[in-house]
Amino acid sequence: MSTGSGAATFVDRYPEEASIVRQAFFVAFVAFGLGALFGVIQALHRTDILRFIPSTDYYTVLTAHGVLLVIVFTIFFLVGLFQWAITRSFDRPVEDIRITKAWLALMSVGSVVTGVTILLGFVDEVGISADVLFTFYAPLQAHPLFYAGLAVFLVGTWIAGADWFRSWLAWNAEHPDDRIPLQAFVVLTTMLMWYIATIGVAVAVLFFLLPWSLGLIETVNPLLTRTLFWFFGHPVVYFWLMPAYLLWYTVLPKIAGGRLFSDPLARVVFVLFLLLSTPVGIHHQYLDPGIAESFKFIAMTNTMFLLLPSLLTAFTVVASVEHGARQRGGTGLFGWLRALPWRDPAFTGMMLAGLMFAAGGFSGMINAGMNINYLVHNTLWVPGHFHLTVGTAVALTMMAGTYWLWPQLTNRRLYSRPIGLLQVVVWFGGMALMSNAMHVSGLYGIPRRTAEPQYQGFDFSTAFGSVAELNVQLAIGGTLLFVSALLFLANLAFSWGNPTTSGLGQTLPPALSGPDDSPRVLDNMRLWAAIALVLVALAYALPLGAIVADSGLFGPGGDAYPVTVVLNSVAVTAERLTASVGATLADVGGVLEVIR
Amino acid sequence: MTGNPLRIETSGGVLVGFVVLAVVVFELRTVLGMLFGIDVSGVVYFPVALAVLVGLLVAENALRSVGSKEG
Amino acid sequence: MHIHQYEKLWLGLSLLLIVGFVATVTYGAVGTPAISMIGDDGDTLNPNAIDDHPEFGDPGVEKVGESEYAAYVVARQFMFQPDPIVVPANTTVTFYVTSADVIHGFSVVGTNANTMVIPGEVAELTVEINDPGEYGIVCHEYCGNGHHGMEGLLKVVPADEYDGGDAE
Ligand code: HEM
Ligand SMILES: [Cu+2]
Ligand SMILES: [Cu+2]
């Protein structure tokens, strides 16, 4: 069944680019495996089902889980997928492969430095720690290498974006009258959004947190760095989502047996994401003192309008899949559902991911409502929500997409499609359990981000069932997810042992209604970037101004609280650190050599 | 593609359909509890739900093999 | 540009839904007085100078009106001061919460009395207190490796049992 159309594969046509994509995916999957391991440790520890680490190490685990999954896994997958999409849809090699290699290397080095700094938190003797979670709120302070690694990683992503814009310009010079192919359109709008979004975190890290951790400045303004983080923190969720959307819009219809319904509408959707993703970040700060209610209100309204592109996507995706089903001979009001290729893990994975995204969207609307947010803010409800969105809609789509793409990157068939199907179904079931338990626990007030949500002075009261039962549910769900992650990784690893085959290539059909009859202004990247910047300025100038006016760029004073437990002499620390970073880099280098 | 690429029915669909159904049935208890305040004991609910689902699966299987013998 | 009939319908319904949400939330925020939102009304202060602060230097509950009380609460690694916080039933209590060190959370379990606690900022939230009883308070933001032990207690006592002032 996984036999392609007999066409040449991506790796046949663009071997160097395919190697880049594979390497990016490789880093992503290593991070995914580690992240999943930490995930199951958390699920068992906080529910008190099984505790094999001290509770103080829980926060090292949690920091690693967050950073490895939502920074490393998602974004490495994204750059790999986007490189594929750009090369494929412009049908031209990268302009200069050295640049492409350079950004991948920068991103990798940054991730390894940050990752190792976090993991050293397990080894108290080293005296290096970064247990600040992936939100790194000051004045908790991580080791400078944590921030430095992040900065290097960010620079890598910026160069990646520039690399893709360069491909566009080169392509455009040769095809001045053509519309931008849809996949490239997604990449370009997404990267514009990324440039705008990362202003916030770059300013926070480069101007405040990094100099502060190095002792160059004495204090920071905790509300300011936190607000800058969320300036980045909301659009980043759409950054995670866009690779999934790319797959849903351009690959899923094809696997379903049809083609995309409407290309122009897809463009409208991606432009809307570019415009609306950033001026909403304050919705993560509904409960922050020092930010006026009116700013929160504006963020809330913008957030609700951000539902629009996702609602439109739901329509287009379902319509395209239905079209595919009818092409395959499906009939009836719902009967067409039976004509879909449910045995194909790529298809089923994406469909189940989409289904969970609908549920996640629903709980997201609750988060976005300001007053209801007071009930669920920082409870387990919130991880319950985003394990449906980034943890499933994104992660499961990425896994499903890998089942489809990997053979075209390696010329090797997938080891086992039945195992693939089992894997996506187990993820879906496990997530249903874990996420349900988290949502309900959250409504009872059980907080997130804690090693031991069991308190001395009071008990949580439940509307039905019991906390113990929810804990069991959460732990079973988390374990199933871990098993599913292992199945995915093993399936890929065994695929490497398959012999190379030719003819695994797949083509992507054009949309039913193509881009030609849509207004050309949709392709005007400059215009959209400018409007997006204006919207951001409108939403953020006043709140940021007010924060600085109230307590200054560097805050009203206060100490730094390094999370480092034991302090050794600087020299010893540096020596141990270089040794471990060096060893890790050597390992990574060795493996990359193999996978290339 | 091995087999007919335009195959109308897939038993993969039955598997996926059942998993989705199982999740819906599972969530039903939460809906009862949170929205309607009806506290159904999990010790009763889950075994019964499981039995019903397995029953449905068996019935579906039987019906399908009858169908395919006739067809 | 051709837009399908159903697509237009869907677009319209989506917009309607969104406007509906905005309206509901607006009504909830403006029209119901059950709890005030956290805003920027609180002061700013230097977290290192808390001990010299007239109110936070000795945190506790004060009577400020007929049936109105002010509760000054300091969050620090890894406790709340005062603990327990004792207030009389059937009153309106305004909590002023600040942090002496890092970011914390302050949430009265099972209610929507909930705020972030950010060093340098004073969070202000006004709560209608009804029946007597005991409520747990949790710090719901990670604040260091002892975070999981950070809890407090809110004791609501019948008005005639309330002895005024600090119950530490
Ligand atoms: C094996 C699968 C997974 C399991 C068992 C798992 C489990 C958990 C648990 C129990 C928590 C809550 C910890 C706490 O607040 O105390 C958590 C947090 C989190 N998870 Fe997962 N998870 C899994 C996969 C994922 C995936 C695939 C993603 C995203 C791509 C993800 C992203 C996150 C994030 C961002 C947090 C919040 C970290 C923080 O609060 O700083 N998880 N996870
Ligand atoms: Cu957000
Ligand atoms: Cu805390």
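If I ask for residues that are hydrophobic (A, V, I, L, M, F, W, C) and open to solvent by less than 40 Å² (accessible area, probe 1.4 Å), which ones from the stretch A:140-167 would you list? Correct list: A:Leu140, A:Ala142, A:Phe146, A:Ala148, A:Leu150, A:Ala151, A:Phe153, A:Leu154, A:Ala160, A:Trp164, A:Phe165. Residues of the stretch A:30-66 that are more than 14 Å from every other protein chain (Cβ to nearest Cβ) and β-branched (Val, Ile, Thr): A:Val30, A:Val40, A:Ile41, A:Ile49. Of the helices (runs of 4 or more DSSP H) lying entirely inside the stretch A:309-398, the ones with 3 or more residues being at negative phi and modelled with pLDDT of 85 or more are found at A:345-368, A:381-388. Residues of the stretch A:433-457 that are away from ligand 3 (no atom under 16 Å from the Cβ) and either over 30 Å from C:Met116 (Cα atoms) or assigned to a loop (DSSP other than H, G, I, E, B) (or both): A:Tyr444 alone. Look at (1) away from chain B (no Cβ under 14 Å); (2) within 16 Å of ligand 2 (Cβ to nearest atom); (3) open to solvent by 30 Å² or more (accessible area, probe 1.4 Å) and you find that A:Ile366 fails only one, number (1). The set of residues in the stretch A:533-560 that are within 19 Å of A:Leu272 (Cα to Cα) and either open to solvent by less than 60 Å² (accessible area, probe 1.4 Å) or of a type in the set (Ser, Thr, Tyr) (or both) comprises A:Leu535, A:Val536, A:Ala537, A:Ala539, A:Tyr540.
Within the stretch A:337-348, residues that are more than 7 Å from chain B (Cβ to nearest Cβ) and touching a residue at least 60 places away in the same chain (Cβ under 8 Å) sit with their Cβ atoms under 7 Å from residues that are open to solvent by 30 Å² or more (accessible area, probe 1.4 Å) and in a loop (DSSP other than H, G, I, E, B), at 6+ positions apart or across chains, in these pairs: A:Asp344/A:Met1. Residue count for the stretch C:70-87 satisfying the condition of being surrounded by 22 or more Cβ atoms within 10 Å (Cβ to Cβ) and of a type outside the set (A, V, I, L, M, F, W, C): 1. With respect to being over 16 Å from B:Phe26 (Cβ atoms), open to solvent by 10 Å² or more (accessible area, probe 1.4 Å) and within 14 Å of chain B (Cβ to nearest Cβ), A:Tyr403 fits the description.
Which condition does A:Gly258 not pass, out of (1) over 21 Å from A:Met525 (Cβ atoms); (2) within 24 Å of the chain's Cα centre (by Cα), if it passes all the others? The failed condition is (2). Checking each residue in the stretch A:509-532 for being hydrophobic (A, V, I, L, M, F, W, C) and surrounded by fewer than 16 Cβ atoms within 10 Å (Cβ to Cβ) picks out A:Val521, A:Leu527, A:Ala530, A:Ile531. One residue alone among A:Gly445, A:Gly514 is touching a helix residue (DSSP H, G or I) at 6+ places or on another chain (Cβ under 6 Å) and more than 29 Å from A:Gln423 (Cβ to Cβ), and that residue is A:Gly514. Scanning the stretch A:471-491 for residues that are open to solvent by 10 Å² or more (accessible area, probe 1.4 Å) and hydrophobic (A, V, I, L, M, F, W, C) returns A:Val472, A:Ile476, A:Leu480, A:Leu481, A:Phe482, A:Val483, A:Leu486, A:Leu487, A:Leu489, A:Ala490.
Taking first residues from the stretch A:63-85 that are on the phi > 0 side of the Ramachandran plot and partners that are small (Gly, Ala, Ser) and open to solvent by less than 10 Å² (accessible area, probe 1.4 Å), no Cβ contact under 7 Å between residues at least 6 apart in sequence or on separate chains turns up. Based on what the data block shows, is C:Val22 surrounded by 15 or more Cβ atoms within 10 Å (Cβ to Cβ) and either assigned by TED's automatic domain parsing to the domain that holds C:Gly149 or within 16 Å of ligand 3 (Cβ to nearest atom) (or both)? So C:Val22 fails the test.
Restricting attention to the stretch B:35-45, which residues are open to solvent by less than 70 Å² (accessible area, probe 1.4 Å) and modelled with pLDDT of 85 or more? If the condition is that a residue be open to solvent by less than 70 Å² (accessible area, probe 1.4 Å) and modelled with pLDDT of 85 or more, then B:Tyr45 is the only one that fits. Across the stretch C:93-100, a minimum of one residue is classified as in a strand (DSSP E or B) and open to solvent by 10 Å² or more (accessible area, probe 1.4 Å).
Of everything in the stretch A:516-558 that is aromatic (Phe, Trp, Tyr) and in a helix (DSSP H, G or I), the residue that is nearest to A:Ile180 (Cα to Cα) is A:Trp528.
Of all the listed residues (A:Gly290, A:Gly233, A:Gly257), the sole one being more than 13 Å from chain C (Cβ to nearest Cβ) and at positive phi is A:Gly257. The number of residues in the stretch A:293-316 that are facing chain C (nearest Cβ under 8 Å) and open to solvent by 40 Å² or more (accessible area, probe 1.4 Å) comes to 3.
Scanning for something within 14 Å of chain B (Cβ to nearest Cβ) and surrounded by fewer than 19 Cβ atoms within 10 Å (Cβ to Cβ), does the stretch A:317-327 turn up at least one residue? Scanning the stretch A:317-327, I find at least one residue that is within 14 Å of chain B (Cβ to nearest Cβ) and surrounded by fewer than 19 Cβ atoms within 10 Å (Cβ to Cβ), so the answer is yes. Restricting attention to the stretch A:350-363, the residues being in contact with a helix residue (DSSP H, G or I) (Cβ under 8 Å, 6 or more places away or on another chain) and open to solvent by 10 Å² or more (accessible area, probe 1.4 Å) number 8. Of the residues contained in the stretch C:143-162, one or more are found to be within 16 Å of ligand 3 (Cβ to nearest atom), at the interface with chain A (Cβ under 7 Å from one of its Cβ atoms) and assigned to a loop (DSSP other than H, G, I, E, B).
The values are calculated or read from the model by the stated rules, or taken from the named source; none is laboratory data. Values in this document were obtained by computation on a predicted structure and should not be read as measured data. When we count neighbours, we look across all protein chains shown, and the Cβ atoms used for this are built from the backbone with ideal geometry, even at glycine. When the accessible area is computed, the model is the full protein with side chains, heavy atoms only, and any ligands, DNA or RNA have been set aside. Shrake-Rupley method; radii C 1.70, N 1.55, O 1.52, S 1.80 Å.
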